[in-house]
Amino acid sequence: MKLPNCPTLEVDLESIRSNYQLLRNKAEHKNSASVVKANAYGLGVKQVSQTLAQAGCKDFFVANLEEAIEFRQFDSASNLYVFNGIRKGQRSDFIAHKIIPVINDLAQLEYWQQAGNYALHIDTGMTRLGITPKQAYELPAKSPHLKLIISHLACADTPSHRKNAEQLELFKQISKHFQGVSASLANSSGVFIGQNYHFDLLRPGCSLYGISPNSELANPMQNCVKLSAPILQYRKIDAESDVGYGATSKVKKGSILATVEIGYADGFMRNLSNNFYGYANNIKLPIIGRVSMDMLSVDVSEIPQELLRDDLRIEFINQNQPVDIMANAAKTIGYEIFTRIGNRVQRIYA
């Protein structure tokens with residue numbers, strides 16, 4: 001496949017499908033939603049969601065009404081939930097587009113509950129969105145439009161954390177109050193910490209896209225992206241030289257630098273300056289100097305000179321270097337890496 005002469009994010013949809021099937025099969029009920037908020041974590045909501053629907057997914061979660069309306073432009077059939085709930089003035093849009101709000105407080109419940117189906121979010125320890133357990137117990141156990149209760153695990157990426165068991169026990173007790181209503185607790189990480197966390201519906205997000213769901217174990221998910229960029233210029237260094245803004249790095253005489261067309265305007269984080277690597281021909285190549293807005297420098301001296309072609313590309317996320325490695329180098333998480341990738345980076349699907 002010939003890539004365009006710009007930064008590209010190649011998205012392997014078959015790997016996303018495989019990740020979904022692995023997650024779904026972890027539960028005895030084999031019933032899993034997909035979280036596709038933030039443009040499917042930056043990878044492309046239309047292409048990713050259609051792939052997941054073809055794999056058997058019937059339930060999708062997005063963040064807000066705007067994302068939900070975009071989703072409905074290419075999928076009118078799937079169950080579609082909005083995590084952030086409903087605001088006043090939005091009811092007609094929710095009804096028109098058959099969108100299910102996740103109710104996060106009693107005011108939202110009063111505004112919506114007679115209008116159609118809804119999910120109820122109960123805060124079991126995140127101390128973020130959701131009604132309190134006390135409020136949950138004060139609600140009627142049965143409501144004709146209540147189809148799902150959910151909560152969100154705060155520490156499931158660390159399976160040994162004491163908070164996981166605390167939240168599980170509280171959610172189990174609350175789900176007994178709403179007997180007969182489907183329940184969902186397990187996010188990506190929750191899928192892997194035990195079947196007692198699975199309830200009726202899994203709710204993975206990051207792991208669909210190859211991000212590790214567990215900080216204590218090897219990543220079971222397939223890498224599904226390749227981030228690469230073209231080379232603007234090669235330069236053979238005639239004498240020891242400083243490189244880039246601030247002269248933060250030196251390169252020795254005889255080295256060969258490649259100026260690569262990707263920078264922080266494309267979401268390539270500036271704190272990866274002098275702190276990360278690219279790959280070409282399976283050779284690991286250091287970034288030299290600061291990441292600029294539109295370009296960065298890579299030392300390609302290790303590549304045989306006859307392979308330094310104009311069409312050579314530097315890969316920054318690939319099978320050798322999945323997103324979690326970049327995230328660790330940037331002192332962040334894979335979610336941020338993916339969702340930062342800008343619009344100048346062309347998405348390509350295979």
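Quick one: in the stretch 314-350, of everything that is touching a Lys or Arg at 6+ places or on another chain (Cβ under 8 Å) and part of a strand (DSSP E or B), which residue is surrounded by the fewest Cβ atoms within 10 Å (Cβ to Cβ)?
The extreme case among them is Glu315.
Assess whether Ala229 counts as being under 30 Å from Tyr335 (Cα atoms), outside the structural domain of Lys331 (by TED's automatic domain parsing) and of a type in the set (A, V, I, L, M, F, W, C).
For Ala229, the condition - under 30 Å from Tyr335 (Cα atoms), outside the structural domain of Lys331 (by TED's automatic domain parsing) and of a type in the set (A, V, I, L, M, F, W, C) - is not met.
Would you pick out the residues in the stretch 275-313 that are buried (at least 19 other Cβ atoms within 10 Å of the Cβ), β-branched (Val, Ile, Thr) and not in a loop (DSSP other than H, G, I, E, B)?
Across the stretch 275-313, the qualifying residues are Ile287, Ile288, Val298.
Could you check the stretch 170-262 for strands (runs of 3 or more DSSP E) lying wholly inside it with 3 or more residues that are more than 30 Å from Glu28 (Cα to Cα) and not β-branched (Val, Ile, Thr)?
Fully inside the stretch 170-262 and qualifying: 225-236.
Being crowded, with 20+ Cβ neighbours inside 10 Å, more than 30 Å from Leu227 (Cβ to Cβ) and assigned by TED's automatic domain parsing to the domain that holds Asp200: is that true of Ile99 here?
yes
Can you tell me which residue among Ser151, Ser207, Ser184, Ser160 is at pLDDT 95 or above, among the polar types (S, T, N, Q) and closer than 30 Å to Gln321 by Cα?
The conditions single out Ser207.
Within the set of pairs 6 or more residues apart or between chains, which connect a residue that is at pLDDT below 95 inside the stretch 332-350 to a residue that is of a type outside the set (A, V, I, L, M, F, W, C) with Cβ atoms less than 7 Å apart?
Ala350/Glu10; Ala350/Asp12
Considering only the stretch 125-159, how many residues are within 23 Å of the chain's Cα centre (by Cα) and either assigned to a helix (DSSP H, G or I) or within 16 Å of Val191 (Cα to Cα) (or both)?
Residues in the stretch 125-159 being within 23 Å of the chain's Cα centre (by Cα) and either assigned to a helix (DSSP H, G or I) or within 16 Å of Val191 (Cα to Cα) (or both): 10 in total.
What number of residues in the stretch 61-90 are over 22 Å from Ala350 (Cα atoms) and in contact with a strand residue (DSSP E or B) (Cβ under 9 Å, 6 or more places away or on another chain)?
So the answer is 19.
How many of the residues making up the stretch 51-64 are surrounded by fewer than 16 Cβ atoms within 10 Å (Cβ to Cβ) and not in a loop (DSSP other than H, G, I, E, B)?
Within the stretch 51-64, residues that are surrounded by fewer than 16 Cβ atoms within 10 Å (Cβ to Cβ) and not in a loop (DSSP other than H, G, I, E, B) number 1.
The values are calculated or read from the model by the stated rules, or taken from the named source; none is laboratory data. Quick caveat, the model's predicted, so the values are computed rather than measured. So basically every Cβ, Gly included, is an ideal-geometry build from the backbone, and we count neighbours across all protein chains shown.
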